[in-house]
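J.: Questions regarding the structure given below will be posed in turn.
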Amino acid sequence: MVNNKKSNDNFRHIIQVLWTLVTNAYIIGFIRGKIYQGKIKNVCVPGLNCYSCPGAVASCPIGALQAVIGSYEYKFSFYIAGFFIIIGTFMGRFVCGYLCPFGLFQDLLNKIPLRFKVSTFKFDKILRYFKYLVLIVFVVLMPIFITDIIGQGFPWFCKLICPAGTLEGGVPLVLLNDAMRSTVGLLFGWKFFILIAVIILSVIIYRPFCKYVCPLGAIYSLFNPISAFKYSINTDKCINCKMCAQVCKMGCNPVENPNSLECIRCGKCRSICPEEAIEYTFFNERKKI
Amino acid sequence: MFLKNKSSALTAVTLLAGFLFLFIGVYRGESIIVFEKAVNICLECIGIG
């Protein structure tokens, strides 16, 4: 069972790495300290992937949402809402587990051996709601209402919080681009501090950014109960051993709720189940994967 | 059948709504705003602007 769990994890990490490489394939950007400017940037990637990363070949959906609703022309984005609905309805938070570069980054950090790892703590459950607050306040309300003289809003989440932007865009560009380096100030220091905090916390807690802060995870989580790709429990097979709940690093109990808002579809529960009682379904058709 | 029950029907309707929204967004020119933002270095995103 342990081998099964490891091979599932390895398979997932391979997909994560491949996806990160494919969506950040503009290698020349890392050499020149510039970003890709081709047509593919019309479309978004499903995961949190800063479009100012020198390698990024497509757009970040959270950045794109703020760009549209912060523009003086539109205060609602059909384009990005449609994108979220399509991706969310197909796979929900499977994106977090398999298709998010910043999720991969946190996964790898959590593999660093440490004497004490924190699986849960007193305010864990309440803090999970914080990501919905971040989504509403920093991603939606602030870009719409805090605008300049011509009605143009700022991407406040990117500006004040997003550690993915600092990691994927800020750090490489500041290192590679002289003009960028000369403009570094307090804001960069603040964002760098957030990135360091996320790095340290990721070693201790599994995916702290995804659990408590990520507005993209908050959006996709709402689709988990209705997405085409889902988990289901075969009650005839389940022996209620609770191994699935014990192994889940996101703190879910698949037997109680196989489509919890927190489930990132990493598949650890499925691999550990001695009776193979947790099944994938697609449009409620059982799949053997 | 493909749509076995109400849950699958809801999923299918939501998907259709998603595609409809996407097309409306493209028609309104929102993808151009996304493109223009994404092809220039976003100083706010990287912590400089």
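The values are calculated or read from the model by the stated rules, or taken from the named source; none is laboratory data. The shown structure was predicted, so the numbers you read here are calculated from the model rather than taken from an experiment. Please note: Cβ atoms are built from the backbone with ideal geometry, for glycine as well, and neighbour counts cover all protein chains shown. Protein only, heavy atoms only, side chains kept; ligands, DNA and RNA dropped before computing areas. Shrake-Rupley method; radii C 1.70, N 1.55, O 1.52, S 1.80 Å.
J.: Within the stretch B:1-18, track down each residue that is more than 29 Å from A:GLY165 (Cβ to Cβ), facing chain A (nearest Cβ under 7 Å) and assigned to a helix (DSSP H, G or I).
T.: Listed by number, the residues that qualify are B:SER7, B:SER8, B:LEU10, B:THR11, B:THR14, B:LEU15, B:ALA17.
J.: Moving on to the next point. Against the condition in contact (Cβ under 8 Å) with a residue 12 or more places away in the chain, among the hydroxyl-bearing types (Ser, Thr, Tyr) and in contact with a Phe, Trp or Tyr (Cβ under 7 Å, 6 or more places away or on another chain), how does A:SER232 come out, does it pass?
T.: So A:SER232 fails the test.
J.: Give the residue that is modelled with the lowest pLDDT, with candidates limited to residues of the stretch A:115-149 that are surrounded by 13 or more Cβ atoms within 10 Å (Cβ to Cβ) and of a type in the set (D, E, K, R).
T.: So, considering only residues that are surrounded by 13 or more Cβ atoms within 10 Å (Cβ to Cβ) and of a type in the set (D, E, K, R), the one modelled with the lowest pLDDT is A:LYS117.
J.: Moving on. At the interface with chain A (Cβ under 7 Å from one of its Cβ atoms) and open to solvent by 40 Å² or more (accessible area, probe 1.4 Å): is that true of B:VAL39 in this structure?
T.: No.
J.: Quick one: count up the residues across the stretch A:106-124 that are over 18 Å from A:GLY267 (Cα atoms) and in contact (Cβ under 8 Å) with a residue 60 or more places away in the chain.
T.: 8
J.: Okay, next question. Could you tell me whether B:VAL34 is in contact with a Lys or Arg (Cβ under 6 Å, 6 or more places away or on another chain), open to solvent by less than 40 Å² (accessible area, probe 1.4 Å), within 7 Å of chain A (Cβ to nearest Cβ) and at pLDDT 85 or above?
T.: no
J.: Scanning for something open to solvent by 30 Å² or more (accessible area, probe 1.4 Å) and at the interface with chain B (Cβ under 9 Å from one of its Cβ atoms), does the stretch A:88-97 turn up at least one residue?
T.: Filtering the stretch A:88-97 down to residues open to solvent by 30 Å² or more (accessible area, probe 1.4 Å) leaves A:90-91, A:94.
With the extra rule that they be at the interface with chain B (Cβ under 9 Å from one of its Cβ atoms), the set shrinks to A:90.
The answer is yes; a qualifying residue exists.
J.: Let me ask something else about it. Given B:GLY25, B:GLY29, which one is facing chain A (nearest Cβ under 7 Å) and small (Gly, Ala, Ser)?
T.: B:GLY25
J.: Oh, and also: What helices (runs of 4 or more DSSP H), lying completely within the stretch A:1-85, carry at least 2 residues that are within 16 Å of the chain's Cα centre (by Cα) and either crowded, with 20+ Cβ neighbours inside 10 Å or more than 14 Å from chain B (Cβ to nearest Cβ) (or both)?
T.: Working: elements: A:2-23, A:27-32, A:61-69.
Per the criteria, A:2-23, A:61-69.
J.: How many of the residues making up the stretch B:19-31 are open to solvent by 20 Å² or more (accessible area, probe 1.4 Å) and assigned to a helix (DSSP H, G or I)?
T.: The qualifying residues number 8.
J.: I'd like to check which helices (runs of 4 or more DSSP H) are fully inside the stretch A:161-278 and have at least 1 residues that are touching a Leu at 6+ places or on another chain (Cβ under 7 Å) and open to solvent by less than 40 Å² (accessible area, probe 1.4 Å).
T.: So the answer is A:178-182, A:186-204, A:208-212, A:215-221.
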